[in-house]
Structure formats: C-alpha cells, structure tokens
Amino acid sequence: NAGVTQTPKFQVLKTGQSMTLQCAQDMNHNSMYWYRQDPGMGLRLIYYSASEGTTDKGEVPNGYNVSRLNKREFSLRLESAAPSQTSVYFCASSFGLDGTEAFFGQGTRLTVV
Amino acid sequence: QQPVQSPQAVILREGEDAVINCSSSKALYSVHWYRQKHGEAPVFLMILLKGGEQKGHEKISASFNEKKQQSSLYLTASQLSYSGTYFCGTDPSGTYKYIFGTGTRLKVLA
C-alpha cells in the first residue's frame, strides 16, 4: 500500500505566487490533516478534515485554504506565498476513531524566496 | 493550546533510560506519541486513551495522567535506533483534532 502520498516533494516559489500541495491516502481513512514543521516549533496544525465534506481551522490557518476533494484527497493551497510560509509540510490521515493513530506522508519542503 | 514537552533535548549512552514528558493546558481525551528521524515523516509509537487503554510499541511504555493533563514516555535500555525527535500529540476536544507538542530531541550514543 502507498499509504499517504504527497506531491510535490520539493518546491521553490517566489513571493506572491500561488500553489497547491496535493495529498492522497489509500487507507479509507475518514480524517485528514495538514501540518507545518519549523525548527523548534514542532508540528503545527494548519487545517484538518474530520470527515469528507468538512474542514476546520487548526492552530495556524492564516494564508492557507484547503479542499477535501473526496474521501481520499485533501489539498492545501497557498494563494499568495510569503517567505514566512517556508517550511516542511506534512499531510496525515487517520480513521478518526478512538485508539487509531495518524499516518504521515513524506512531506513537502517548500521554500518561498 | 500546543502541549509542552520536556526536556527539549537529551543525550544518552546505549542501554540508559530516558523519560519524556508532555503537558497540556487542556483536558485530554487521548495522547499519541510519535518518533521522527531526520528528514523522515513521524512514525507512530503509542496511543493512550482515557480509561487506561494503551496500544503501541512493545519496548516502549507510557503513562497518562488525565487529571494532571500529562503524559510521560519511558524509553528503557535505549538503543541507537531510538535516536530521533519525539512528539506527543493530544486531542483536547475529543474530535480527533490532533495537536502536537514542541518535540524532544533524543540522541543515543554508542
């Protein structure tokens, strides 16, 4: 099984450009998440989707939008990239049930110049 | 809302023990523990639920004090492969909205 697949793996953007990070899972999970990871800050939740058709803000949603396209796919969009959004982005998914863990994608390293 | 982990970093010799703590300012429905090696994705280690149920790694144990809103991860007889950054993830609202801690960097030396 592929698990959680993120694309692209690396991206360089110029300030003001837009882009969409893609995430797909093949585990029939209900819940999906987007995190960003910066040195010393741990993993910070940007947005999450508890189930297909729902999305909710996390700790750091400003500057981002998300779309839960279907049960498998959850995309993250940067409308106007800023250098402060330089980070490693992780998508994760889980069944969204008690006692079930989250599975993470391999990450997207984004640099905004 | 982000849970605080302590210590921030720890260095051990192979075979030594370590304890990593996770404290939240909110009541917890569950606590997850993950380990991340450099350049890789976090990998699941353990879940602790209210009521005492646990699920996870056979060589790692953890505790969950719901009243104190704390969890601790116990690494015994550490191995070189234990090196990495450990994160606790909490679910303060019971809606599977996982918030992760600041991380603890662990390095095991031969």
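Listed values, structure above:
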| quantity | calculated |
| --- | --- |
| Size-normalised alpha-carbon gyration radius of the protein assembly as shown, reference 2.2 N^0.38 Å | 1.00 |
| Buried accessible area, chains A and B (both chains, 1.4 Å probe, Å² to nearest 100) | 1900 |
| Heavy-atom accessible surface of segment B:68-110: percent carbon and sulfur, 1.4 Å | 54 |
| Accessible area of segment A:30-94 belonging to carbon and sulfur atoms, whole % at 1.4 Å probe | 47 |
| Rounded to the nearest 20 debye, dipole of chain A from Cβ charges on Lys, Arg, Asp, Glu | 360 |
| With DNA, RNA and ligands ignored, accessible area of residue A:113 (1.4 Å probe; Å², nearest 10) | 100 |
| Per residue, the convex hull volume that the Cα atoms of segment B:1-74 enclose (Å³) | 109 |
| Positive-end residue, the protein assembly as shown charge dipole about Cα centroid, Cβ charges, pick of B:61, A:113, A:8 | A:113 |
| Heavy-atom surface of chain A, accessible at 1.4 Å and reported per residue (Å²) | 45 |
| Accessible-area ranking of A:19, A:41, A:32, A:27, largest first, probe 1.4 Å | A:41, A:27, A:19, A:32 |
| Amide H within-cut-off set for residue A:58, under 5 Å, with H built and near neighbours excluded | A:47, A:48 |
| Accessible surface, segment B:71-110, averaged per residue in Å² (probe 1.4 Å) | 32 |
| Occluded residues from segment A:13-35, i.e. those whose accessible area drops by 20 Å² or more once the chain is not alone (1.4 Å probe) | A:33, A:35 |
| Size of charge dipole - the protein assembly as shown - debye, nearest 20, with Cβ of Lys, Arg +1 and Asp, Glu -1, no other charges | 380 |
| Threshold 20 Å², segment A:92-109 residues less accessible with all protein chains present than alone (1.4 Å probe) | A:96, A:98, A:99, A:100, A:101, A:102, A:104, A:106 |
| Positive-end residue, chain B charge dipole about Cα centroid, Cβ charges, pick of B:71, B:81, B:100 | B:100 |
| Shielded residues, segment B:86-101 - accessible-area loss of 50 Å² or more between chain alone and all protein chains, probe 1.4 Å | B:96, B:97, B:98, B:100 |
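The values are calculated or read from the model by the stated rules, or taken from the named source; none is laboratory data. All values reported here derive from a predicted model rather than from experimental measurement. Cβ sites come from the backbone with ideal geometry, for glycine too, and all protein chains shown count toward neighbours. For accessibility, only protein heavy atoms count, side chains too; no ligands or nucleic acids. Shrake-Rupley method; radii C 1.70, N 1.55, O 1.52, S 1.80 Å.
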